[in-house]
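Working notes, beginning with the structure itself.
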């Protein structure tokens, strides 16, 4: 358990399951390549042991996969260190989905030993670690499943656990897009997430972040942050890195309500709250997702909160 | 050209024919006055396509009488071509992304944006009345454009679309004065409030279909109630989970004429009303054919729907976490149900009840309550499926998610129900063999294709070798749609399928060891198909390039991701088209 956490801490992941913009990724990769040589063997072993016992909590952090994968000499599905599709992460040599290829009784022969073949049966789609565009590939598969899009259940038919049969509509659906009143139509990264990740798995806490006015949704690993300031810093890098000079969006100002934007979050009960009011620990245990709102709307949020609480009083 | 001009043309032609010649030498014995009314009765687009191929007169008569155009792949044709051929369209159906986009295999910004279509539609068909979209990217601007540019617009249906928010719906509600249908299903949007329902004007009374079950937003119940009250023709009402039972009861009092009902949360916030009252209200809805929703329903409230179950044709319990005995209780009242959707936590016992109580059942879908459940304690097994097949001989559509299956069980099932048209079996553990014999599941699907001559759609799963595909290619003569994942041993598998299955239209494959040789073996087949999807197989860019070169009327699109080698073709989407390569392809989609 600790190991996995430790691993994640190593990587200042801003984007557990999603695409990383070019700015961010170079930072990531330099860290990863730097660390891989000395750490990989140890890490691999350690991670592997957790992998085997737990259900792939680290899968979701694609950056960590990057690091591991490069370190291992993979023989299954290709010896290519470069080929990420061959095996999507070092751990997969030891702990991957058993597929047709694994069953000795079958007539299946292992066809691919070259890089060019995608022995994708392993983890085909999450191979897009750090991939920007095929953000779909980097969907953090929920606990226990290592394959994106499997089982093939569409959005409308993904039910929460029976235990979660509360009247909280947002918990029901694994939403695919994060467009909230967005006007821009840019070809950009789309982030997918499985809401179950946010609630079920404490070792890796990734939540979606959306900003009003952008199509691009991102993901933040909360466990990789220890304070509101750190979070604000990360968000600033994610969303406002293009506006270096804009005073209004300095990280600190995101939190204090003086900037044009306000950081809000949705908690377990489905209510939208302003970030920063509760202690950090309490915050990360109840947050489900984040939204960077334009300031005018936060007033609406405040009044709607009041409205909601009145309604339930009846 | 208008009808009179056409008539005079054909009259001229008839006159110019030697009056002594026999009927058979005329190109078309029917004058347009006869032909067009007859053709206008034909709805099926497949039939209309056939009609248009008979002769030139029929082609023209058909194109003038066509009111609805169905475009199964928005990139297969350009709207200019459509508008040129069909001048009088009132209704358009458009489908966009490949089906695997439902499972996150297609990047969000892949395309299928409806906006370019809307711009041309506004010019070509300003009196457009209906628009039905499936898997298209629809923005708020598009919805606003739609609402404001088509004065006669009546019906909007969005199935599995994304990109819009409540703002777009507000525009529709505000501007479409004659709206009869607003149907939103299975969308991947995150709606954060914005009460669009209140935007329907007081003057709107024409609504017949309102489905917002898949939207999370809180709507004003007051506005909804008023809307339901004044729309006397409302026949389909599907609310979202935020509407509770008390509110539903009020709505049903105003709309007992409903034929399709989607409830909200089937509980009361406070117990304000005895169950008997609610039961009476449901009993007054004598025309109900479909019930869905039923979130949070439990044993206490279950009896409320019994009076409505008598004439029920479709019961959708896929949002209701019923246990087996609760399902049995409901089904006792549903003798005439033909379509049933349930969650797998009803278990095999629940399915036994299905077999016992629903002799007229034609379609069953069993969804996993917890698809990612690693414990695998819950769910259904092969015995549940067998029970259903024993009790429901008319069963022809099955979608079944399970954790285990045997070859023998599937063989038994198809023996009991040889009329299968849709057989979609999903053994959720990848590459799982027959759990009793440990053999591959080849014989199961072999039995399906051999025993069911009407099979149109097949989805396979479990441990499968090339033998499965040999069977499919050999026996599945009517197969149109095939979905394959994590199966096969070599190129032969795909070759068998491409070499057989004469009616294949859609083939979607992921994570199979099929390579270029297999892809190219189907060279001549792809133009008779709508599309082929292959992801995470063994295709290379070179193989795809060869295909693209040989078959210029196909779009061979490769989606690149940074991690795959340059030579690999990680995701390939191939489809026939008369519109040439896409002009709106994002940078990661390469058309070869």
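The values are calculated or read from the model by the stated rules, or taken from the named source; none is laboratory data. Keep in mind that this is a model prediction, so the values were computed, not measured. Here the Cβ is made from the backbone with ideal geometry for all residues, glycine too, and neighbour counts use every protein chain on show.
Identify the single condition in (1) free of Cβ contacts under 8 Å to residues at least 60 places away in the same chain; (2) within 14 Å of chain A (Cβ to nearest Cβ); (3) assigned to a loop (DSSP other than H, G, I, E, B) that residue B:213 does not satisfy, given that it satisfies every other one.
Exception for residue B:213: condition (1).
Check off (1) within 24 Å of residue B:505 (Cα to Cα); (2) modelled with pLDDT of 90 or more; (3) under 28 Å from the mean Cα position of the chain (by Cα) for residue B:83 and give me the number that stays unchecked.
(1)
Residues being touching a residue at least 24 places away in the same chain (Cβ under 8 Å), surrounded by fewer than 22 Cβ atoms within 10 Å (Cβ to Cβ) and in a loop (DSSP other than H, G, I, E, B): count how many of those fall in region B:525-575.
8
Just need a number here: residues in region B:515-530 that are more than 10 Å from every other protein chain (Cβ to nearest Cβ) and more than 22 Å from residue B:73 (Cα to Cα).
Let us first name the residues in region B:515-530 that are more than 10 Å from every other protein chain (Cβ to nearest Cβ), namely B:516-530.
Subset that is more than 22 Å from residue B:73 (Cα to Cα): B:516-518, B:520-521.
The number of residues fulfilling the criteria is 5.
Any idea which of (1) surrounded by fewer than 22 Cβ atoms within 10 Å (Cβ to Cβ); (2) more than 14 Å from chain A (Cβ to nearest Cβ) is the one residue B:185 doesn't satisfy?
Result: residue B:185 passes all but (2).
If residue B:225 meets every condition in (1) assigned to a helix (DSSP H, G or I); (2) under 26 Å from residue B:108 (Cβ atoms) apart from one, which number is that one?
Answer for residue B:225: the failing condition is (2).
Among the numbered criteria (1) at pLDDT below 95; (2) over 22 Å from residue B:256 (Cα atoms), which one does residue B:355 miss?
Checking residue B:355 against (1) at pLDDT below 95; (2) over 22 Å from residue B:256 (Cα atoms), the one that fails is (1).
Could you tell me how many of the residues in region B:345-375 are without any contact (Cβ under 8 Å) to a residue 12 or more places away in the chain and either over 28 Å from residue A:148 (Cβ atoms) or more than 7 Å from chain A (Cβ to nearest Cβ) (or both)?
2
For region B:459-470, does any single residue satisfy the condition of being within 10 Å of chain A (Cβ to nearest Cβ), assigned to a helix (DSSP H, G or I) and either within 29 Å of residue B:435 (Cβ to Cβ) or touching a strand residue (DSSP E or B) at 6+ places or on another chain (Cβ under 6 Å) (or both)? Can you show your working first?
As a first pass, look at region B:459-470 and keep what is within 10 Å of chain A (Cβ to nearest Cβ): B:459, B:461-467.
Among the residues that remain, those that are also assigned to a helix (DSSP H, G or I) are: B:466-467.
From the residues that got through so far, the ones that are either within 29 Å of residue B:435 (Cβ to Cβ) or touching a strand residue (DSSP E or B) at 6+ places or on another chain (Cβ under 6 Å) (or both) too are B:466-467.
Yes, because at least one residue in region B:459-470 is within 10 Å of chain A (Cβ to nearest Cβ), assigned to a helix (DSSP H, G or I) and either within 29 Å of residue B:435 (Cβ to Cβ) or touching a strand residue (DSSP E or B) at 6+ places or on another chain (Cβ under 6 Å) (or both).
Of the residues B:444, B:411, only one is surrounded by 22 or more Cβ atoms within 10 Å (Cβ to Cβ), away from chain A (no Cβ under 12 Å) and part of a helix (DSSP H, G or I); which? Break it down into steps so the answer makes sense when it comes.
Values: B:411 fails: surrounded by 22 or more Cβ atoms within 10 Å (Cβ to Cβ).
Only one candidate qualifies: B:444.
State all residues of region B:496-521 that are within 20 Å of residue B:459 (Cβ to Cβ) and surrounded by fewer than 22 Cβ atoms within 10 Å (Cβ to Cβ); if no residue qualifies, say none. Spell out how you get there, then give the answer.
From region B:496-521, those within 20 Å of residue B:459 (Cβ to Cβ) are B:496-498, B:500-514, B:518; that's our starting set.
Listed by number, the residues that qualify are B:500, B:502, B:503, B:505, B:506, B:508.
Name the one entry in B:556, B:497, B:484 that is within 13 Å of chain A (Cβ to nearest Cβ) and either at pLDDT 95 or above or in contact with a strand residue (DSSP E or B) (Cβ under 6 Å, 6 or more places away or on another chain) (or both).
Details: B:556 fails: within 13 Å of chain A (Cβ to nearest Cβ); B:497 fails: within 13 Å of chain A (Cβ to nearest Cβ).
On inspection, the qualifying residue turns out to be B:484.
Sort out which residues of region B:576-585 are surrounded by fewer than 15 Cβ atoms within 10 Å (Cβ to Cβ) and within 13 Å of chain A (Cβ to nearest Cβ), and write them in order of number.
Listed by number, the list holds a single entry, B:584.
For the list (1) part of a strand (DSSP E or B); (2) crowded, with 21+ Cβ neighbours inside 10 Å; (3) within 14 Å of chain A (Cβ to nearest Cβ), I need the number of the one condition that residue B:423 fails.
(3)
Would you mind stating whether residue B:171 is buried (at least 20 other Cβ atoms within 10 Å of the Cβ), within 14 Å of chain A (Cβ to nearest Cβ) and in a loop (DSSP other than H, G, I, E, B)?
On the way: buried (at least 20 other Cβ atoms within 10 Å of the Cβ): yes; within 14 Å of chain A (Cβ to nearest Cβ): yes; in a loop (DSSP other than H, G, I, E, B): no.
Criteria not met by residue B:171.
So how many residues does region B:349-386 have that are over 16 Å from residue B:318 (Cα atoms) and in a helix (DSSP H, G or I)?
11
Tell me which of these residue B:143 doesn't satisfy, since it passes every other one: (1) over 16 Å from residue B:93 (Cα atoms); (2) in a helix (DSSP H, G or I).
For residue B:143, the failing item is (1).
If I ask for residues that are part of a loop (DSSP other than H, G, I, E, B) and touching a helix residue (DSSP H, G or I) at 6+ places or on another chain (Cβ under 8 Å), which ones from region B:576-587 would you list? Step through it out loud before you land on a result.
Of region B:576-587, the ones part of a loop (DSSP other than H, G, I, E, B) are B:577-587.
Answer for region B:576-587, where residues must be part of a loop (DSSP other than H, G, I, E, B) and touching a helix residue (DSSP H, G or I) at 6+ places or on another chain (Cβ under 8 Å): B:578, B:579, B:584, B:586.
Could you tell me whether residue B:131 is closer than 30 Å to residue A:152 by Cα and either out of contact with any helix residue (DSSP H, G or I) (no Cβ under 6 Å at 6 or more places or on another chain) or not in a helix (DSSP H, G or I) (or both)? Show your work before the answer.
Details: closer than 30 Å to residue A:152 by Cα: yes; either out of contact with any helix residue (DSSP H, G or I) (no Cβ under 6 Å at 6 or more places or on another chain) or not in a helix (DSSP H, G or I) (or both): yes.
Here the answer is yes, as residue B:131 does meet what is asked.
Would you pick out the residues in region B:266-298 that are over 32 Å from the mean Cα position of the chain (by Cα) and assigned to a loop (DSSP other than H, G, I, E, B)?
Result: B:268, B:269, B:270, B:271, B:272, B:273, B:274.
Can you confirm whether residue B:385 is under 21 Å from residue B:433 (Cβ atoms), buried (at least 20 other Cβ atoms within 10 Å of the Cβ) and modelled with pLDDT of 95 or more? Give the derivation first.
Working: under 21 Å from residue B:433 (Cβ atoms): yes; buried (at least 20 other Cβ atoms within 10 Å of the Cβ): yes; modelled with pLDDT of 95 or more: yes.
So residue B:385 passes the test.
What single numbered condition from (1) within 14 Å of chain A (Cβ to nearest Cβ); (2) out of contact with any helix residue (DSSP H, G or I) (no Cβ under 8 Å at 6 or more places or on another chain); (3) modelled with pLDDT under 95; (4) outside any helix (DSSP H, G or I) fails to hold for residue B:178?
Every condition holds for residue B:178 apart from (1).
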